[in-house]
Amino acid sequence: MKPSRRSLFRTRRGSSARRASGSGSLRNELHDRSNFQLRLIVALLLVVALFCTLFARFFWLQVLQHDRYMTLAEQNRISLVPVSPPRGLIRDRNGVVLAHNYSAYTLEITPSKTADGLDATIERLNQLIEITPKDRRRFKKLMEETKDFESLPIKFRLSDEEVARFAANSYQFPGVEVKARLFRQYPQGELGSHLVGYIGRINDRDVETLKDNGNFANYRGTDHIGKLGVEQSYEAQLHGSTGFERVEVDSGGRAIRTLSRTPPQPGRDLELSVDIKLQEIVEKLFDKRRGALVAIDPNTGGVLAFVSKPGFDPNLFVDGIDPVSWKELNESIDRPLLNRALGGEYPPGSTFKPFMAAAALQGDFPLVHQTIADPGYFMFGNNKFRDSKPGGYGSMNFDRSIALSSDTYFYQLAVQMGIDNIAKYLGEFDFGRQTGIDLPGERSGVLPSPEWKKKRFKKPEHQKWYAGETVSIGIGQGYNSYTPLQLAHATAIIAARGTVYKPHVVNRIIDPVSGKATAVEPQPQRRIDWKPEHFERVIKGMQGVNQYGTGAKVFAGAQYTSAGKTGTAQVFSLKGAKYNASSIGERLRDHSWYIVFAPVENPKIALAVIVENGGFGAQAAAPIARATLDYYLTGKLPAAPGEKASGAAAASAPVSEPAPEEPTGD
Amino acid sequence: MIKQLWFYIRRPVDPWLLLFTCLIFALSAVVLHSASNQDADKVLNKIVFMGIAIFGMWVIANISQATLMRIALPGYVAGVIMLILVELVGKTVNGSQRWLNIGITHIQPSELMRIAVPMTLAWFFHHFESTLNWKHFVGAAVLLGIPAVLILKQPDLGTALMISASGFYVLYFAGLSWKLIGLMSAAGGSLVYVVLHWNWCINILHEYQCRRIATMLDPMADPLGAGYHIIQGTIAIGSGGITGKGWLNGTQTHLDFIPERTTDFIFAVYGEEFGLLGNLLLLALYLLVIVRGLMIANSASTLFGRLLAGAIAMTFFTYAFVNMGMVSGILPVVGVPLPLVSYGGTSMVSILAGFGLLMSIQQDRTLIKR
């Protein structure tokens, strides 16, 4: 023991060191006892202090922040499960169903959840339920298109037996399930496909759009969205609003029970203005030919038939088209996916003449009062513009010029009016701008003008308007190009003597629950405020077409009055299209146009029809127009193909007389 | 005859401590019934373990202090040997080597050390009571350090911390310099600060331990990973409000949002269903147990008794504080059960063994006074 040294620590080390100097004396014992008691009290104070801290924490959580945590607990507990609404039905004007839903079982796979890999699972499934190579290709394509780890359908419309067979073996297939779903079906198939359109699975781009529009929440639980046609343009009405179930879930997300339910509001049904029977007749008349027909009720703007041939089967697209079918459709030389009625732009040919004539009357250009010499050509400077009638008619005046489709007359008229006036007056008929039809993808066509040319071309030498270019504009060639819809619309305006209705394919929007219908009111958009006698005079000329002019033979024996105009459009303007060498001959033939409305006094229907590479207007297009009017106005069905000879109308007999047109624009 | 038997049975028992224990047990059974989704087997199992633990407590309460002092060091040495064996040939469960196979069953030597460490340290100070100086404190620190480091290496941070705490309490009651305590607190505080702010954590602790500390500071940083426990625990407690959602009505509990809800996080269940008032009741019961333990320490006749009783009472407090603190989100998540309430026999048995020691100490005092 070395106390001196220890004493150094005594001061530093405090009580513990101090105890070393004494050896168990009573005083030290007492001192230690009181020291220990002090430490007990300090310990107790620490305990109380820390328990108070805990209590403060509990008070904070359970009293001050209670509402917040209560909300969080509720959010944990309650999950909103979307209940998607049934999509609205689409019917034609007579109630024929064009798009409906049916409930069926699908086999769906969640690729990320399969036990032994996707391919092995499909292989094993195949032993239970036949899965065709087509199904597999379609499934692969779907997988590439979806990022999320969602379940994707591999086989549709399982039979009851297949469902039972899978149910008995489902334990072997983790990640595979049978789901009952509503399917979209288009019972008319190809008929009216460009009109009705189709729905398809929502892709990333659709999601972006929905998010931008703020509609994304309404599509929770919905897999499909309108992609084309009425299905696309009336998406908002057809979809309805998604309902929600408040479901109590556990931490694994499993539903325990339903707390409350907000039912979905089913999508609205659509009643189209289109008569699908009429549509069917027209499509049959086209048969394998390419082209388009748009028929409009001039009193409302309601579209009666909306044909673009060839079509496609919209049912293929609903749950993802398989790559082979897609390739077939997409690469076909006939371009079945092109909606020709509103997306195909063609030079109008002579069908442009009645509108030119109306404009000339309104502008009171001298030529309308004159009779001109018609040698069969028109000289502009040193250029000779030939008439389609070799040798001409000798003389020509305003009224005969329409019926006989005199090129010479309209060459002169165009030159007299000048390009600015043509653009100004013809623009009234919505040429060169969209008609505003309630279908997506409408193109605006080209109503040429110096301004248009300046915008269209980049090089200064191309931007200048040459006076010679005006000449062929007069007969609907040159830069002129319009959609069949635009021509039908313009014809309807003439038929309505200047009243402009916006063309529309949907008549009424019907709430399937209450049955309440909202009509898409036929509101005149505006009037072309031209003198009524000007319209009457043009109509008289068009009537002449079907009485003694280019359409007379086709319209012989019609039980109604009609006013029409033939047209022939040169194909050279389509030189951008791909041509297959083997079919080049057929595909270089002219397009055949016809516009008509009837009856003249009280028009019920106005239409424009084009048959691609159909030759002269009277040859291919006019018979289709005649048969369409016959059916619509008198209920007479066209003669079946093969009985061509019988018809009084000689509907599909080739017509060479009286005046085959051969516009020669340049 | 029966009277005599009853006398022998009740003689070593401290009625207050037994009363508080039984009250907490009653609460525990009620909560467990709810936390286990009314699993009768689990509740029955718990009750059986309560009986075993109380019997164990009674047995230990019958052991005299002299015997306790005699077995303290051998127990400690055996424990350390087993810890080393665990390190060499132990069984790995959940990434931790904690279990030692002794042929019939697996045992966790670290549980033994919970009792052995404070006992040995108390014995150590008692043994050198007359000549106590600073060197003994260093020696005691070494005695404490060996098992603490071994257990930390398993790794089992929770148990290592608890054993260190119990050892520290012995040192504290033995008269560890206030200055040193102040210094240690300052050093510990700054170490925690440095660890948290300099990302040195990984080098010192295991990665998941670091994550738990980081998570405690900002649970929302990793809401589905490490933060999930804390977030769901605080949501459960907070949503309980003042009176709680009522027994068996906790949505967090019954929809499986609270992880480990019968064991380490049972307090979240309790807080959700019984609210602030229930929490207050439990805090009060715990406080009564601690005060009783400190009273026994105060009146103990020997230094061994004083130190051991004080350490046991304070260790019990530490369990309660750390568990409730972690579940309510003011302490990091370390695997510490809620004393007497969490499901799990081992921890209950070791806590009641501690109470047995308290009763033994209490009883010696009575005998001496008589």
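Taken together, the values in this text are just the output of simple stated rules run on the coordinates, not laboratory data. Here the structure is a predicted model, which is why all the values come from computation and not from measurement. When we count neighbours, we look across all protein chains shown, and the Cβ atoms used for this are built from the backbone with ideal geometry, even at glycine.
One table, with the values for the structure above:
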{"read-out": "Residues in the stretch B:234-267 that a label on B:ALA284 would reach, taking backbone N under 15 Å of a point 7 Å out along Cα→Cβ", "value": "B:243"}
{"read-out": "Label-point separation in nm, B:SER64 to A:GLU130, each point 7 Å along Cα→Cβ", "value": "9.4"}
{"read-out": "Mean-position separation - Cα centroids, the stretch A:253-286 and the stretch B:244-293, in angstrom", "value": "54"}
{"read-out": "Förster radius 30 Å - calculated FRET efficiency between A:ARG456 and A:GLU328 (Cβ-Cβ, nearest 0.05)", "value": "0.30"}
{"read-out": "Among A:504-511, B:62-69, the order from most to least packed when residues are scored by Cβ within 10 Å on average", "value": "A:504-511, B:62-69"}
{"read-out": "Partner aspartates and glutamates for A:LYS211 [C-alpha distance under 20 Å; skip if fewer than 8 residues away on the same chain]", "value": "A:GLU145, A:ASP148, A:GLU150, A:ASP223, A:GLU231, A:GLU235"}
{"read-out": "Shielding score for B:315-321, defined as the mean number of other chain Cβ atoms within 10 Å", "value": "3"}
{"read-out": "Cα centroid separation, the stretch A:306-369 to the stretch B:12-79 (Å)", "value": "90"}
{"read-out": "Loop-resident sites, the stretch A:74-171, for trypsin sites (Lys or Arg not before Pro), counting at most 14 other Cβ within 10 Å (DSSP)", "value": "A:LYS147, A:ARG157"}
{"read-out": "Backbone N within the stretch B:264-300 under 16 Å of label point (7 Å from A:ARG33 Cα along the Cβ vector)", "value": "B:295-300"}
{"read-out": "10 Å Cβ neighbours from other chains, averaged over peptide B:179-188", "value": "1"}
{"read-out": "Cα→Cβ-extended label distance, 7 Å offset, between A:GLN65 and A:GLU586, nm", "value": "7.8"}
{"read-out": "Gain on full stretching of the segment that runs from A:THR499 to A:GLU145 - 0.36 nm per residue minus C-alpha separation", "value": "122.7 nm"}
{"read-out": "Estimated inter-spin distance, B:ALA40 and A:THR110, nm [label 7 Å along Cα→Cβ]", "value": "3.6"}
{"read-out": "Linear extension gain, A:ALA168 paired with A:VAL81, 0.36 nm per residue minus alpha-carbon span", "value": "28.5 nm"}
{"read-out": "Quarter of Cα convex hull surface for the protein assembly as shown, i.e. mean projection, nm²", "value": "62.5"}
{"read-out": "Segment A:THR258-A:ASN397, extension gain: residue separation times 0.36 nm, minus the distance between their alpha carbons", "value": "41.9 nm"}
{"read-out": "Loop GluC sites (Glu not before Pro), the stretch A:136-198 (other Cβ atoms within 10 Å of the site Cβ: 14 or fewer; DSSP)", "value": "A:GLU150"}
{"read-out": "Zone of A:LYS604's modelled label, taken as backbone nitrogen in the stretch A:541-566 under 16 Å from a point 7 Å along Cα→Cβ", "value": "A:558-563"}
{"read-out": "Shielding by other protein chains, B:124-135, mean Cβ within 10 Å", "value": "4"}
{"read-out": "Within straight-line cross-link reach of A:LYS284, aspartates and glutamates at Cα separation under 19 Å, skipping those fewer than 8 residues along the same chain", "value": "A:ASP92, A:GLU190, A:ASP275, A:ASP313, A:ASP334, A:GLU612, A:ASP630, A:GLU643"}
{"read-out": "Per DSSP, loop trypsin sites (Lys or Arg not before Pro) in the stretch A:214-310 with at most 10 further Cβ within 10 Å", "value": "A:LYS288"}
{"read-out": "Antiparallel bridge percentage (DSSP; both residues within chain A; nearest 5)", "value": "95"}
{"read-out": "Of A:LYS309/A:LYS604; A:LYS453/A:LYS502; A:LYS424/A:LYS458; A:LYS140/A:LYS327; A:LYS288/A:LYS636; A:LYS134/A:LYS155, pairs whose Cα-Cα distance is over 18 Å", "value": "A:LYS309/A:LYS604; A:LYS453/A:LYS502; A:LYS424/A:LYS458; A:LYS288/A:LYS636"}
{"read-out": "Fraction in percent of alpha-carbon pairs per bin - 5 Å, the stretch A:141-268", "value": "2, 8, 13, 16, 18, 19, 14, 7, 3, 1, 0"}
